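Bear in mind these aren't lab numbers, they're just calculated from the coordinates by the rules spelled out. Just so it is clear, the model here is predicted, and its values are computed rather than measured. Backbone-built Cβ (ideal geometry, glycine too); neighbour counts: all protein chains shown.
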Amino acid sequence: MVSAKRFYSAGGDIADHIDTYDFPGFGRGYVIAGTTTTAAYGHDVHILRTNSGGSLAASAIFLSNLTQRANHVVPTRDRGFLIVGETQLSGSCDNDEANILV
């Protein structure tokens with residue numbers, strides 16, 4: 001069976017990566033990494049966690065006045081998640097002002 005769920009915030013959302021997790025005593029589900037757009041902050045990291053049925057269990061948006069994007073997420077053994085992406089820094093010494101975000 002194929003099914004679809006829609007999760008969104010007040011801004012425009014883009015999902016870049018999805019992975020499964022199975023934490024003893026915590027449960028299983030999916031973790032989704034991506035980006036949301038807000039009027040006040042621009043592009044920000046948006047992480048969603050679902051249960052095994054695909055219903056939303058938790059959602060977090062990491063607000064910054066700089067452009068940020070989560071490209072990859074991996075569950076860790078301590079029931080956390082490692083998030084990798086990119087961020088733009090104002091006044092950076094890099095020509096493109098883009099830097100790796102972990």
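Sort the following peptides by mean Cβ neighbour count (other Cβ atoms within 10 Å, averaged over residues), highest first: 17-26, 58-67. Before the final figure, lay out each step's value.
Working: 17-26: 11.9, 58-67: 14.0.
Highest mean packing first, the order is 58-67, 17-26.
What residues qualify as long-range amide H neighbours of SER52, i.e. H under 5 Å apart, gap of 5 or more or another chain, H built at 1.01 Å from N?
Correct list: ARG28.
Collect residues whose amide H, placed 1.01 Å from N in the peptide plane, falls under 5 Å from the amide H of THR67; neighbours closer than 5 in sequence don't count.
Placed amide hydrogens put GLN88 under 5 Å from THR67.
May I ask you to evaluate 6.51 cos²θ - 1.76 cosθ + 1.60, the Karplus curve with θ = phi - 60°, for each residue of segment 35-46 and list the ³J(HN,Hα) values in order in whole Hz, giving x for glycine and proline?
Whole-Hz 3J(HN,Hα) from phi for segment 35-46: 9, 10, 10, 10, 4, 7, 10, x, 8, 9, 5, 10.
If you project the alpha carbons of segment 8-67 onto the principal axes, what extent comes out on each, in Å, largest first?
38, 16, 16
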